[in-house]
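See below for the structure under consideration.
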Amino acid sequence: MKLTVRGKNLEVTAALREYIEKRVEKLSRYFETPVTVQVVLSVEKEERKVEVTCFVESVVLRGVENHLDMYAAIDLVVDKIVRQIHKHKTRLAKRFRKETGFHVDVTPVEAIPEEKELEVVRRKNFTVRPMSVEEATLQMNLLEHDFFMFFNEDTEIMNVVYRRHDGKYGLLEPEVG
């Protein structure tokens with residue numbers, strides 16, 4: 001397992017790092033392939049915040065927890081990720097049987113020069129692989145995001161799946177016109 005721990009507004013002590021290593025190590029037993037884990041610790045007002053992101057092949061598991069005690073927040077977020085693994089274990093098992101994907105450079109639409117509030121302040125590149133709409137919805141839920149962009153294996157074009165206000169899901173399929 002490859003573990004990266006960093007702190008925002010706090011110093012990561014040796015004891016804290018050791019505790020994180022011990023707790024996060026249990027995630028690797030669920031997967032046969034190497035796991036890369038990124039942990040970000042931060043302090044916001046009175047609460048301690050722990051963000052854990054696990055990269056296993058093409059799957060990303062993510063959990064965020066806030067608590068007054070940093071150690072309790074670590075326990076809560078690791079337990080949250082374990083629950084995600086158990087909840088989606090059959091779908092994750094199917095997903096690991098598929099081949100890995102390819103890299104696409106995603107460049108957002110440039111902002112209109114006259115309007116400062118539409119300025120693009122961050123660009124993000126990410127790796128995509130062909131997947132079904134169901135797999136994309138699963139990945140979106142695992143990341144706890146409201147939308148997820150993916151390469152649709154059926155139509156062979158980029159699509160976006162999103163969570164609607166009524167709790168159901170929507171799919172954006174572009175048409176060239």
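Overview of values
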read-out: Directionally averaged projected area (convex hull, Cα atoms, the range 1-91), nm²; value: 5.6
read-out: Neighbour-limited loop hits for trypsin sites (Lys or Arg not before Pro), the range 22-67 (at most 15 other Cβ within 10 Å; DSSP other than H, G, I, E, B); value: Arg29, Lys45
read-out: Estimated inter-spin distance, Phe147 and Arg164, nm [label 7 Å along Cα→Cβ]; value: 1.6
read-out: Sites Glu44 and Glu134, calculated FRET efficiency, Cβ-Cβ separation with R0 35 Å, nearest 0.05; value: 0.50
read-out: Unit Cα scatterers, Debye sum, the range 25-73: log10 I(q)/I(0) for q = 0.14, 0.23, 0.29 Å⁻¹; value: -0.40, -0.81, -1.03
read-out: Loop sites in the range 118-162: GluC sites (Glu not before Pro), DSSP, at most 16 other Cβ within 10 Å; value: Glu119, Glu144, Glu153, Glu156
read-out: Burial order of peptide ranges 77-84, 9-16 (average beta-carbon count within 10 Å, highest first); value: 77-84, 9-16
read-out: Sorted by Cβ neighbour density within 10 Å, fewest at the top, the residues Met158, Met140; value: Met158, Met140
read-out: Local net charge near Leu10, Cβ-Cβ under 14 Å (Lys/Arg +1, Asp/Glu -1); value: 0
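Every read-out reported here was derived from the displayed coordinates using simple, explicitly stated rules and does not represent laboratory data. Keep in mind it's a predicted model, so treat the numbers as computed, not measured. Cβ: placed from backbone, ideal geometry, glycine included. Neighbour counts: every protein chain shown.
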